[in-house]
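Since the structure comes first, as C-alpha cells, the remarks are kept for the end.
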Number of protein chains: 2
Amino acid sequence: MSETGLTFSPEIELRLDEAARLCAERGVTLTPLRREVLGLVLSSEQPIGAYALLDRLRRRRRGAAPPTVYRVLDFLRALGFVHKVERLNAFVGCPSASNYVGHDQGHAVQFLICTRCGRVTETEDDAIAAAIADAAERHGFRQMRATVEIEGICRACVG
Amino acid sequence: MSETGLTFSPEIELRLDEAARLCAERGVTLTPLRREVLGLVLSSEQPIGAYALLDRLRRRRRGAAPPTVYRVLDFLRALGFVHKVERLNAFVGCPSASNYVGHDQGHAVQFLICTRCGRVTETEDDAIAAAIADAAERHGFRQMRATVEIEGICRACVG
DNA sequence: CTCGTCAATGTTATAATATAACGCGTCAAG
DNA sequence: CTTGACGCGTTATATTATAACATTGACGAG
C-alpha cells in the first residue's frame, strides 16, 4: 500500500519542504541526508547534541559517522536553518529560517535557555542587537556576529 | 642569593595578591596551585584553553592532570577571577575581579572577540544588560545569567 | 596525643565533542 | 571521455571535559 510513510510529522515535513525550496533558491541542495538531519533537529524538543543526532540518524542510516553529522550541521548552519547553542554544545532548529541571511548569523538571534526543562527559545530582539552594536562601535570594534545566550527559568517552569 | 624569583610579572603578582586578599575575605584560600593557574591565565594575552594551561602548568608541576586545571578553573570562575569564553572553549582573566559577585556571573560581562588577533576584551555594558533583562522579562523568563560574546575585528586590527 | 574530618590535590580512566585526511561515485561542463 | 565539483563514506585522531577513587596535611574534639 503506502510507502515508508512520512518520516516526520506533517508540520515538520512542511518546514522541510520550505527549506528545500530555500535551498533551491540559493542554488544548493537539501539532499535526503540533509533533510533527515534537519528533520531530526526540528523534531527535538530540546537542543540536540551532535552525537545524540548521530544515534538517531543511525537508526535509518547504518554507517553514519561523526563527520556525517558535523558536515550536515555545518551546511544547515550556513543556511541559517540550524543554530548552535554554545553553552550546551548542542543544536536547535531555527523557527524562522525564511528570514535567512547568512552563515549562522545575519538575523541576530538570542537564546533563552531554561535550565529546568532544558528547552531553548529563540528570539530576535532589536533592542539587544542595537545595544550590542552600540557597545561594539564605542569600542571601535567591527562586529561580525554576536552570541547571546540567556540562562534561567522559563515561564512554564517558573509557573 | 635570591629564591626562585617572581613567577610572574610584578603587575600580575600584584593582582594575585589582591586575589588572595579577596579569597581570604570570603573564607577561601588561594593556594599556591590556584595562584599559579590564575597567574598563567592572567599572563596570557589571549584566552587560553584548559590543555594549554595544563601544558604550562606541567613545566612547574609534574603530574598535573586535566582534573587539576579544571578544578582550579572552577574555583577561580566561581570567584569571578576567571571567565570562560564559550565560543572558544577557553578562559580569560577578569580584569575587574574586585567587583566580584558570584558564580561566574554577578557583574554581567560581555566579550569582544577579535577573530584576527585572537584577543578578547571584557566589557560591562549596562545598556546590553538592561536590554537583555528587559527581553527576558517580556518572555516571562527568570534570568540567572547571560553569555554575550561579540565577534569581529578589534580597533587595533581594523586600523 | 590521636582520631576524625575536611579541604586540596593526586591519579587513573573514560566520556563527550569535534576535525583531519583520504577515497569513491555521480554528474554536468567542456 | 575526462575533468572537476559535490556529496558522502570511512578511518583515525584531536580536543575538551568529567567520573571516581586515593592520598595528604591541617586542625579541632575528645
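The values are calculated or read from the model by the stated rules, or taken from the named source; none is laboratory data. None of the values given here were measured: they were computed from a predicted structure. Because the Cβ atoms are built from the backbone with ideal geometry, glycine has one as well, and the counts that use them run over all protein chains shown. In case anyone asks, the SASA skips ligands and DNA or RNA and just uses the protein heavy atoms, side chains included. Shrake-Rupley method; radii C 1.70, N 1.55, O 1.52, S 1.80 Å.
Please verify whether segment A:85-102 includes one or more residues that are at pLDDT 95 or above and charged (D, E, K, R).
yes
From the residues in segment B:34-50 that are touching a strand residue (DSSP E or B) at 6+ places or on another chain (Cβ under 6 Å) and open to solvent by 10 Å² or more (accessible area, probe 1.4 Å), which one is nearest to DNA strand D (Cβ to nearest atom)?
Among those residues, the one meeting the criterion is B:G49.
What tally of residues in segment B:72-95 results from selecting those that are within 20 Å of B:I113 (Cβ to Cβ) and free of Cβ contacts under 8 Å to residues at least 24 places away in the same chain?
Result for segment B:72-95: 1.
Identify all residues within segment B:16-33 that are in contact (Cβ under 8 Å) with a residue 40 or more places away in the chain and more than 18 Å from B:S96 (Cα to Cα); write none if there are none.
Across segment B:16-33, the qualifying residue is only B:V28.
Can you confirm whether A:L16 is more than 27 Å from B:N89 (Cβ to Cβ) and away from DNA strand D (no atom under 11 Å from the Cβ)?
yes
Looking at (1) closer than 18 Å to A:V109 by Cα; (2) within 13 Å of DNA strand C (Cβ to nearest atom); (3) in contact with a helix residue (DSSP H, G or I) (Cβ under 6 Å, 6 or more places away or on another chain); (4) away from chain B (no Cβ under 14 Å), find the lone condition where A:Q46 falls short.
(3)
Go through segment A:7-54 and report how many residues are of a type in the set (V, I, T) and either touching a Ser or Thr at 6+ places or on another chain (Cβ under 7 Å) or assigned to a helix (DSSP H, G or I) (or both).
Matching residues across segment A:7-54 total 3.
Being in contact (Cβ under 8 Å) with a residue 40 or more places away in the chain and more than 7 Å from DNA strand C (Cβ to nearest atom) is the requirement here; does B:V69 meet it?
In short, no.
So which pairs qualify, if the first residue must be in segment B:146-159 and more than 7 Å from every other protein chain (Cβ to nearest Cβ), the second must be assigned to a strand (DSSP E or B), the Cβ gap must be under 7 Å, and the two must be at least 6 apart or on different chains?
Short answer, once both residue conditions are applied: B:C157/B:C114.
Residues to consider are B:L57, B:L76; find the one that is among the aliphatic types (A, V, I, L, M), within 11 Å of DNA strand C (Cβ to nearest atom) and in contact with a strand residue (DSSP E or B) (Cβ under 6 Å, 6 or more places away or on another chain).
B:L76
Being modelled with pLDDT of 95 or more, away from DNA strand C (no atom under 16 Å from the Cβ), within 14 Å of chain B (Cβ to nearest Cβ) and out of contact with any Pro (no Cβ under 6 Å at 6 or more places or on another chain): is that true of A:L112 here?
Spelling it out, A:L112 is indeed modelled with pLDDT of 95 or more, away from DNA strand C (no atom under 16 Å from the Cβ), within 14 Å of chain B (Cβ to nearest Cβ) and out of contact with any Pro (no Cβ under 6 Å at 6 or more places or on another chain).
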